[in-house]
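Input: a single structure, listed below in structure tokens.
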Amino acid sequence: MSGAGGFFEDLFRGLLQGTPPGAVYALVALGFVLTYKTSGVFNLAFGAQAYISAAMYFKAHTLWGWPKWAALVVSAFVLAPLIGLVLERLIFRHLRTASAVSKLVVALGLSVALPELFNQAARFTAVAGRQITGIIPDGASVFYDPFGVYRFNRDELAMMAVALAATLLLAALFRFTMIGLAMRAVVESPRMTELSGINADRTSAFAWALSSTFAGLAGVLIAPRFNSLLSTDFFTLVVIAVAAAAVGKLVSLPRALLGGLGLGWLIAVFNTFLPRWSGDHTWLRPFQENLTPSLPFVVLFAILVLWRAIGREREASDPLSGVDPPPPALAALARHPKLTLFTRLFGVGFIAVVGSVVWFRAGVLWMHLVTTAVIMAVIYLSVTVITGMAGQISLCQGTFAAIGGFTIFQMADRFNMSVLAAALLGAGVAAAVGAVLSLPVLRLGGVWLAIATLAFAFFFDAVMVKFSWVGGGTTALLTGTRVPRPLVGPIDFASDRAFLVLAVVVLVIVSVVVIQLREGTVGRTLTALRGSEVAAASIGISAARARIIAFAVSAAIAGLGGALLSMHQQNVNYSTNFGPVNALFWLVIVVALGARTVEGAIQAGAAFALFEPLILKGDLLAWILRGEDHLPGLLPISGSWRLVLFGMMAIQFARHPEGLVEHGKRRASARINRWLEAREGAAP
Amino acid sequence: MAPILELRDVEAGYGPFRALFGVSLSVGPGESVALVGANGAGKTTLARLSCGLVAPSAGTVLVDGEEVGSGRPSAWRFVRAGVAHAPEGRSVFASLTVEENLALSFHRAFGRAGLAGALDRAYELFPRLGERRTQVAGTLSGGEQRMLSLARVLVESPRLLIADELSLGLAPMIVDQVFETLGRIRAAGTALLIVEQQVGHALELCDRAAVLEHGLITWQGPSKEAGAVLESRLFETGAAR
């Protein structure tokens, strides 16, 4: 084999090899487009839905020994549509007229909570090494070799056939049937659809049942490709498939199919030729090692940033949105002065009590947890800036925090720099990365911005962390990414108490900065932009400057918080602290509790660090009851219920998009305001 | 015989804001009512209430003497009961084509068999729409979008048509033509509830008038007498003419 014939043969083999994974991407991308088209939801929980059906199939067929057809029917055609209907009824029906961004947040919450809920309810744990046998008889062991260069197995052929057939059938559904037309209409304006005499509720219920069934089917078909069933694998698959769906701008099914196949081909061709070329050109080697796993994210990022047509179309807004009540103002703005005074006094008192209990009574563990809560609150304030103030969803806050952590690790490790100075440097580096990143992605806005930042986070995870000047390379593998605690003059922050004080000081400073930013020109500009970009532009406000500042400040805060967290744990612990999926968790918890206020971020920090030990393990109750022996039998509750509760929070967010804490505060202050006013009215 | 639409002591609003305070109004078969009032008087809210887009916070909305949809806003039930609504502004599906916009309503009203005929009637009414039938509605001009949302309800000739600010954004000639069409479907038996700033046109078309001020109906009577009432009562609020 040599010469041109060899090259073309290899190319052809590469293309054939890339077709089955391409069909996988296409299948997920099709489902993604289907959900987006029929419900307007950027459904990152698609992977979770697919996972549940795959797991159900595995349980029914492999563990219970059901026949394949029965397992398939139950998992993909009963359970999957049922989940879709429940999601529609409980959550997405109330979100139909919400912005695409708040739907995205809810979908993110579900992507974490749904698999956990299933695992808990069905007592399912993924068993490593137990592969799923697919629905096709002998799917993995009977091969066909039509061209004499690559052998397809039956599973692969079935997947390719289903992807093609689904494209044709679904395209026909949208083109020729009234239900297809009605589903598209409901996405744009449920009320206008109702004015055409169509039951919007029933239409969107059908849409969710349909797209969930598709998710289930895709999950069962794809599962045999994985070594073990993990919901995170499905999530990563969805992020990859978004690249394919973006090729069709999220609405074209045939283009999503082509996008998926194209991605599969691209990766296979790179895999074929890069090793060969890097034999001759050694400088290609690091790329060869890193590019393949990150290629989908690079492609996704490139499509979003380079393709000018994406993000240019404004979200088609509901012409009847005036029917909805206007969003209420922050509770603090509508408060009775006496109530404000009382709240402040209570806040100071509460912090004083908790502070002194922690200071004088807390053991090592509790000191550690409270410090974590304080530091997480710092990191969450970065979400307050970018999401609460600027109204943009960034899914790479974890990456910014990681940059802060890695900077102090590198500086301390290589140059023996003081860690406090390195932390400021880390914040600066994160701010610079944030500003540079914001230049290409800010144009996008909305869900596209969220996806571009998610692609960046996955790219950082797959490529950048592996470089020795970032993640420490082989030394880090051996000794870990160790970070010392700061030492300032006589104060040694290796003491946990001293470090807690440091964290609190940083939290106070950052809170003041955030409040100043909100009340200042940048904050007002961002508020105006959130209201109406067109109206803001017409009075001479530039969107770009304020948003770049917001992005940079937010990245700096995240970087500082990441640096603090690394010092606290005396290790960067990248994958447990700052992995791409963690940052999704952060966003949902902050937004659900209240992204517009500093208190919201602090409460989110406390919830993140303290909820599990305090409530689930029953420590608070044990303290109240004076002893662990008195605890009721259902405690301690398994930590994974935390994730389920987290999903409940997402559901609550659907009903109260201003945030749970904010919602409670608003109701309470309205009631107390009325009472105070009535008393004042009665007095004279 | 029960009126097609009856509002009994209805109150409504948006969140903390109240727009209507105890309004009663009824429209019988074949009747036509002009609703006039200043900006912010609550006209649009009353129109939305009458077609199920907004649910009343107090009082009842009856269609043919029966309550519809048990308090939840459900416009589609009103439409199926023969109460059609042309909302104010550019109320079209911006991402669907002109023909898809129309088909969505016509398919339900006339079935697959009657769809083509209904589309033809719409294009006859507004030839401009016929020229752009495959164009995406979001790319139409403001006036053309108005035509599209009107064509939807005018062709259907429902039992009761609620029209909110029909003439807004249309050229005077087209406005005349729209009112001519309204006169025709009225003659054919459709009842009308017209919300209109162009008071002259509306009073000419309708038998009855109702004056809405600050969320209350302050006067009801024959349209012929309405002119004088409006002169005296509404001049200071700026709603006359």
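The values are calculated or read from the model by the stated rules, or taken from the named source; none is laboratory data. These figures come from a predicted structure and were not determined experimentally. Note: ideal-geometry Cβ built from the backbone for every residue, glycine included; neighbour counts use all protein chains shown. We work out accessible area using only protein heavy atoms, side chains counted, and drop any ligands, DNA or RNA first. Shrake-Rupley method; radii C 1.70, N 1.55, O 1.52, S 1.80 Å.
Among what's in the stretch B:99-122 and is more than 13 Å from chain A (Cβ to nearest Cβ) and in contact (Cβ under 8 Å) with a residue 12 or more places away in the chain, pick the residue that is surrounded by the most Cβ atoms within 10 Å (Cβ to Cβ).
B:A122
Being open to solvent by less than 30 Å² (accessible area, probe 1.4 Å) and under 20 Å from the mean Cα position of the chain (by Cα) is the requirement here; does B:L96 meet it?
Considered against the rule, which asks whether it is open to solvent by less than 30 Å² (accessible area, probe 1.4 Å) and under 20 Å from the mean Cα position of the chain (by Cα), B:L96 comes out as no.
Being open to solvent by 10 Å² or more (accessible area, probe 1.4 Å), under 19 Å from the mean Cα position of the chain (by Cα) and more than 21 Å from A:V508 (Cβ to Cβ): is that true of A:I403 here?
It is true that A:I403 is open to solvent by 10 Å² or more (accessible area, probe 1.4 Å), under 19 Å from the mean Cα position of the chain (by Cα) and more than 21 Å from A:V508 (Cβ to Cβ).
Working only within the stretch A:349-371, note down all residues that are among the hydroxyl-bearing types (S, T, Y) and open to solvent by 20 Å² or more (accessible area, probe 1.4 Å).
A:S356
Determine if the stretch A:416-428 includes at least one residue that is open to solvent by less than 10 Å² (accessible area, probe 1.4 Å), touching a helix residue (DSSP H, G or I) at 6+ places or on another chain (Cβ under 6 Å), in contact (Cβ under 8 Å) with a residue 60 or more places away in the chain and more than 20 Å from A:W469 (Cβ to Cβ).
no
Find all pairs meeting these conditions: Cβ atoms under 7 angstrom apart; at least six residues apart or on different chains; first residue within the stretch A:443-460 and more than 25 Å from A:L291 (Cβ to Cβ); second residue in a helix (DSSP H, G or I) and of a type outside the set (K, R).
A:G446/A:A100; A:G446/A:V101; A:V447/A:A100; A:V447/A:V101; A:V447/A:L104
Filter the stretch B:129-151 down to residues that are part of a helix (DSSP H, G or I), of a type in the set (D, E, K, R) and buried (at least 17 other Cβ atoms within 10 Å of the Cβ), then give me how many there are.
2
Restricting attention to the stretch A:124-138, and to residues there that are modelled with pLDDT of 75 or more and of a type outside the set (D, E, K, R), which single residue is nearest to A:L72 (Cα to Cα)?
The residue in question is A:I135.
Do we find that B:G65 is open to solvent by 30 Å² or more (accessible area, probe 1.4 Å) and either aromatic (F, W, Y) or more than 13 Å from chain A (Cβ to nearest Cβ) (or both) in this structure?
yes
Answer yes or no as to whether A:T282 is open to solvent by 20 Å² or more (accessible area, probe 1.4 Å), in contact (Cβ under 8 Å) with a residue 40 or more places away in the chain and hydroxyl-bearing (S, T, Y).
no
Based on this model, can you work out whether B:S50 counts as among the polar types (S, T, N, Q), more than 10 Å from every other protein chain (Cβ to nearest Cβ) and either surrounded by 17 or more Cβ atoms within 10 Å (Cβ to Cβ) or under 16 Å from B:V23 (Cβ atoms) (or both)?
Taking the combined requirement at face value, the residue satisfies it.
Could you check the stretch B:1-29 and list, in sequence order, the residues that are outside any strand (DSSP E or B) and either within 14 Å of chain A (Cβ to nearest Cβ) or polar (S, T, N, Q) (or both)?
B:G15, B:P16 - these are the residues of the stretch B:1-29 that are outside any strand (DSSP E or B) and either within 14 Å of chain A (Cβ to nearest Cβ) or polar (S, T, N, Q) (or both).
Scanning the stretch A:229-256 for residues that are in a helix (DSSP H, G or I) and of a type in the set (V, I, T), which turns out surrounded by the fewest Cβ atoms within 10 Å (Cβ to Cβ)?
Among residues in the stretch A:229-256 that are in a helix (DSSP H, G or I) and of a type in the set (V, I, T), the one surrounded by the fewest Cβ atoms within 10 Å (Cβ to Cβ) is A:T232.
Within the stretch B:103-114, is there a residue that is in a helix (DSSP H, G or I), touching a Lys or Arg at 6+ places or on another chain (Cβ under 6 Å) and aliphatic (A, V, I, L, M)?
No, every residue in the stretch B:103-114 fails to be in a helix (DSSP H, G or I), touching a Lys or Arg at 6+ places or on another chain (Cβ under 6 Å) and aliphatic (A, V, I, L, M).
Where in the stretch A:162-228 are there helices (runs of 4 or more DSSP H), lying wholly inside it, with at least 3 residues that are open to solvent by 40 Å² or more (accessible area, probe 1.4 Å) and assigned by TED's automatic domain parsing to the domain that holds A:L257?
By residue number, A:178-188, A:200-222.
Being at pLDDT 85 or above, facing another protein chain (nearest Cβ under 8 Å) and open to solvent by 40 Å² or more (accessible area, probe 1.4 Å), is that true of even one residue in the stretch B:71-91?
Among the residues of the stretch B:71-91, at least one is at pLDDT 85 or above, facing another protein chain (nearest Cβ under 8 Å) and open to solvent by 40 Å² or more (accessible area, probe 1.4 Å), which makes the answer yes.
Among the charged types (D, E, K, R) and modelled with pLDDT under 90, is that true of B:D164?
Criteria met by B:D164.
Looking at A:T167, A:T125, which one is more than 22 Å from the chain's Cα centre (by Cα), more than 14 Å from chain B (Cβ to nearest Cβ) and within 15 Å of A:S211 (Cβ to Cβ)?
Within the list A:T167, A:T125, the selection yields A:T167.
Mind counting the residues in the stretch A:254-266 that are aliphatic (A, V, I, L, M) and under 25 Å from the mean Cα position of the chain (by Cα)?
Of the residues in the stretch A:254-266, 3 are aliphatic (A, V, I, L, M) and under 25 Å from the mean Cα position of the chain (by Cα).
Of the residues that make up the stretch A:539-549, is at least one touching a residue at least 60 places away in the same chain (Cβ under 8 Å), open to solvent by less than 10 Å² (accessible area, probe 1.4 Å) and assigned to a helix (DSSP H, G or I)?
For the stretch A:539-549, residues touching a residue at least 60 places away in the same chain (Cβ under 8 Å), open to solvent by less than 10 Å² (accessible area, probe 1.4 Å) and assigned to a helix (DSSP H, G or I): present.
Determine whether A:V105 is open to solvent by 20 Å² or more (accessible area, probe 1.4 Å) and either of a type in the set (D, E) or assigned by TED's automatic domain parsing to the domain that holds A:V242 (or both).
Taking the combined requirement at face value, the residue does not satisfy it.
State yes or no: is B:L154 within 11 Å of the chain's Cα centre (by Cα), at pLDDT 90 or above and either crowded, with 18+ Cβ neighbours inside 10 Å or in a helix (DSSP H, G or I) (or both)?
no
Can you name every residue in the stretch B:30-45 that is open to solvent by less than 40 Å² (accessible area, probe 1.4 Å) and within 14 Å of another protein chain (Cβ to nearest Cβ)?
B:G42, B:K43, B:T44, B:T45
Mind counting the residues in the stretch B:127-141 that are touching a residue at least 40 places away in the same chain (Cβ under 8 Å) and away from every other protein chain (no Cβ under 12 Å)?
The total comes to 1.
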